[in-house]
Amino acid sequence: MILLQSPSRFLLRILQDRVISGEKGMDIDCHTVEFDDVRYHIQFSMRNPKVMVLSVALPLPPPEAILYDGLPLGAIEAIKTAYGPVVQILDPPKDGFDLTMKINLTKLPPDEEQRNSILTQIASIREVVLGAPLKLLLKHLASRAVAPNVDKLVALVHRPNESFFLAPQADKVTIVYPMRFQDSIDIVLATSFLQEFVEARRTAALNNVPSCMWSPAPPLELKGVSADALNANAGFVTFVVYPRHVEGKKLDRTVWNLLTFHAYVSYHVKCSEGFMHTRMRRRVESLIQALDRAKSDAEKLKKLVNGGSFKRLSLKNEGDSRF
C-alpha cells in the first residue's frame, strides 16, 4: 500500500530553487493542479525575486459543507500558526481562488534544517487549509473534550462537490465517508477493496489502529443528512478514532490520512485495474504464442505428407530388382 505525500513536490521544488538561486532568478507565472482539483497559481517577479505570491483554489464545496469567508473552519489561524511572519494573507484573494498569500523568503530562518521544514510546510498548504477543521476537532479529542460551537455532525469538503462527515464526542470521533466513483469498473473494484480493507483490520497485528466498518447503507450517524449527500455507489466507510490515535506526533499523520482517504482508495483501485489489464494482456500473448506454435507444427506435418513421393514397383520390376 502506498500513502500519498503531503507536500506538493512541484511547489517545494520551486521554493527550494528560488532559495538557492539567491538574488538571481526569472519571472515565474505558472499554474498547477493536484488530485481532487486543488489548484495553485505561483508567481515570482524579477523586481522582488524573494517574494512569492501563491494562490490556492480548493475543491468546490457541496451545500452541506460550512465555510467561513470561503475557507474551512480554523484555516486562517492554522496558516498563521504554521508559517508565522513568513506568510501574509492577502484579502481579497485573486479572482477564481479561495486563498492568496505573499511569501517572503527573506524571513526564513538561517538554519538550514528549520528553513527546509518551513518550506515543506508551505508546500503542504493543502493539508494546512483543508485539514484545519479536522485537526481542530482531533486536538480536542486528545484532551478528551469536544470543540466548542461545533455541531453534532460536521461536514468537511475533500473532493469537488463531495464531503465526509465527523461526529465528535469527548471520548471518540466517528468519521464517515460516502464512497462515490464514476466508472462502473471502479465501483466494483472499490467495493471489493473496501470489504477486504475492513477484513484486514480484524487481524491481530492491527489491533491498535482505528476500527473500520463498511456498509452499503448510510450508518446511523448520518441520520437527517440530505439524500444528495448520501448518494454513494460504493457504500459507506466508517472509522472510529480514539484519543490514543491522535497523541503527540500521531495527530498530523492521522489528519492527512483521513483527509486523503478517498484519494488513497482511488489510487489503489486504478493500480489494481492496471495490474489486471497487464495480466490479461500477458495471458492473451501467451495464448497467441501457443496458437502460433500449433499452427507451425500443423504446417510442417502437412508439408511432410504432401511433399514426399514414392514409385510403385511391379512384380516383374520387383523380381528384377533382386539381381
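The values are calculated or read from the model by the stated rules, or taken from the named source; none is laboratory data. Just so it is clear, the structure is predicted and the values come from calculations on it, not from any experiment. FYI the Cβ positions are ideal-geometry reconstructions off the backbone, even for glycines, and counts take in every protein chain you see. Quick note on the areas: whole protein, heavy atoms, side chains included, nothing else; ligands and nucleic acids left out. Shrake-Rupley method; radii C 1.70, N 1.55, O 1.52, S 1.80 Å.
Observations on the structure shown:
- Distance-filtered residues of the range 226-257 - backbone nitrogen under 19 Å, label point 7 angstrom along ASP111 Cα→Cβ: 249
- Remark: the chain carries a charge dipole of roughly 1560 debye about the Cα centre, counting +1 on each Lys and Arg Cβ and -1 on each Asp and Glu Cβ.
- Integer Hz, Karplus 6.51/-1.76/1.60 couplings in order for the range 96-113, x for Gly and Pro: x, 10, 9, 8, 10, 10, 9, 10, 9, 6, 6, 8, 6, x, x, 5, 5, 5
- For the chain, a Gaussian network of Cα nodes joined below 10 Å ranks ASP95, ASP37, ASP252 by mean-square fluctuation, and the top entry is ASP95.
- Cβ charges +1 (Lys, Arg) and -1 (Asp, Glu), total dipole of the range 1-70, debye: 420 debye
- Our estimate of slack between LYS250 and GLN182, defined as 0.36 nm per intervening residue step minus the Cα-Cα distance, is 21.2 nm.
- Residue of PHE44, PHE275, PHE197 that the Gaussian network model of the chain assigns the largest fluctuation, springs spanning Cα pairs under 10 Å: PHE275
- Where the chain is the region considered: accessible area per residue in Å², 1.4 Å probe: 61 Å²
- Farthest towards the positive end of the charge dipole of the range 145-217, among the residues VAL157, MET179, PHE193, is the Cα of VAL157, using unit charges on the Cβ of Lys, Arg, Asp and Glu.
- Taking 0.36 nm per residue of separation and subtracting the Cα-Cα distance, full extension of the segment from TYR242 to MET280 would add 9.4 nm.
- Multiplying the residue separation of SER215 and ASN48 by 0.36 nm and subtracting their alpha-carbon distance yields 54.7 nm.
- A simple rule links phi to the HN-Hα coupling: the Karplus curve 6.51 cos²θ - 1.76 cosθ + 1.60 with θ = phi - 60°, which for the range 27-36 gives 5, 10, 8, 9, 10, 9, 10, 10, 4, 6 Hz, with x for Gly and Pro.
- Restriction of the GluC sites (Glu not before Pro) in the range 23-121 to DSSP coil positions whose beta-carbon has at most 12 other beta-carbons within 10 angstrom yields GLU23.
- Max mean-square fluctuation residue, GNM over the chain, Cα-Cα springs under 10 Å, options LEU220, LEU153, LEU67: LEU220
- Residues LEU291 and HIS31, FRET efficiency given R0 of 51 Å [Cβ-Cβ distance, rounded to 0.05]: 0.50
- Taking the protein heavy atoms of the chain in the context of the full set of protein chains, the accessible area attributed to carbon and sulfur is 55 percent at 1.4 Å.
- For a label point 7 Å along the Cα-to-beta-carbon line of SER143, residues of the range 229-244 with backbone N under 19 Å: 242-244
- A simple packing score, the average count of other Cβ atoms within 10 Å per residue, orders the peptides 5-12, 283-290 as 5-12, 283-290, with the highest score first.
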